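Each reported figure results from applying straightforward, stated rules to the coordinates on display, with no laboratory input. What you are looking at is a predicted structure, and each value in this text was computed from that prediction instead of being measured. Methodologically, a virtual Cβ is constructed for each residue, glycine included, from the backbone with ideal geometry; neighbour enumeration extends over all protein chains shown.
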């Protein structure tokens, strides 16, 4: 993706390349890139290595002792992978390759590592009123709340965003993502405000109708219909089956286009497919699985051939959405590798101008990484 490439080119000069070089050496023997946010104990752990020398990798514990000798993979696209997935004991470590020593990274529970990053994205959204009220951002906030990230900031942003979209709907606007927002909002508010929930279901129906009549992208329509169907089913609304059928039809239409795997403001297909598959389980959803796999497989191939190819948090989110929807971890290594390529520690505005919706994608990605899978 062009946008992803722009961001990564901008940040490559400040990646996790490390000051620790061999004494007297004018430059690092190797360049290491890993996720400074850290890794959960049981997940795949991949770092990237750029070097022309034949070197040995070692994971170093807090006391300086060697604790693991990772496997270094073959060179692809100028980079080699370092797989230290066997490292599972919580703690703070460094990776040493030849004479180069990485900055410290943690192995800790996922919630400890990624919840703060999700909340950082919330803070950035709060400071970017042009983004926080987009339908995409409000979808991300509502899902983050569903995943257990219902902080006061998240709740306040949801209310502000839904109110802004209410005004747009009253002015005659309607999109698939707006339909998804109204459906998710209805589900969240039904206990405290049943009348408001009913009103938002009606707003979702109108928005979806307008978007469909305008011929909006099928992935956006599929997301709106999916969330509307899920909400209708939870309310005992007999129209749920019709909306599920509509969602499947739009998902099938979306599968026929040349789509990309990455989740983003302009392409929510991965989210639509994962939400629809989860809603229909245990019914067979082979077509949805096939679509997600074909796009992720293509992304894996591009990333293997090109260090800047198919990289970014949108790909991380899609890989985790696939894993949670189908309980299939085949893209786990790819997902953690992308975290090494896409720094979680860049400044709050990193990429925001180049990437509309970047903070919302970051929020959804880190909320997915932090959540207990049973909540999805």
- With Cα coordinates, the longest principal axis of the chain makes an angle with the long axis of helix 152-170, in degrees rounded to 10, of 40
- Message: Between residue 164 and residue 287, what is the label-point separation in nm under the 7 Å Cα-to-beta-carbon projection?
- Response: 3.5
- Classify region 98-230 as rounded, prolate or oblate from the Cα gyration tensor: take a ≥ b ≥ c as the square roots of its eigenvalues, call it rounded if a/c is under 1.5, otherwise prolate when a/b beats b/c and oblate if not. prolate
- Note on the structure: Under the rule rounded for a/c under 1.5, else prolate if a/b exceeds b/c, else oblate, using alpha carbon gyration tensor axes a ≥ b ≥ c, region 266-329 is classed as prolate
- For the chain, longest principal axis from Cα atoms; helix 269-280 axis from its Cα atoms; angle between them, nearest 10 degrees, is 70
- Rel. contact order, % - alpha carbon contacts under 8 angstrom, at least six apart, the chain: 20
- Add -39500 (n - 2.57) for each DSSP H run of 4 or more in the chain, then divide by its residues: what number comes out at 222 nm, to the nearest 500 deg cm²/dmol? -17000 deg cm²/dmol
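Compute the FRET efficiency between residue 66 and residue 153 as 1/(1 + (r/R0)^6), taking r as their Cβ-Cβ distance and R0 = 56 Å, and round to the nearest 0.05.
E(calc), rounded to 0.05, equals 0.85.
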- Gyration tensor verdict on the chain (Cα atoms; rounded if a/c is under 1.5, prolate if a/b is larger than b/c, oblate otherwise): prolate
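Please sort 202-212, 75-85, 223-233 by packing, taking for each peptide the average over its residues of neighbouring beta carbons within 10 angstrom, highest first.
Result, highest mean Cβ count within 10 Å first: 223-233, 202-212, 75-85.
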- Message: I'd like the distance between the alpha-carbon centres of region 240-306 and region 131-197, rounded to an integer number of Å.
- Response: 23
- Task: Looking at the chain, send over the antiparallel percent of its DSSP beta bridges, to the nearest 5.
- Result: 95
- Task: Estimate the FRET efficiency between residue 327 and residue 111 by the formula 1/(1 + (r/R0)^6), using the beta-carbon distance for r and 22 Å for R0, to the nearest 0.05.
- Result: 0.65
- Task: Could you state the angle between the C-alpha long axis of helix 286-305 and the longest principal axis of the C-alpha atoms of the chain, as a value from 0 to 90 degrees rounded to the nearest 10?
- Result: 30
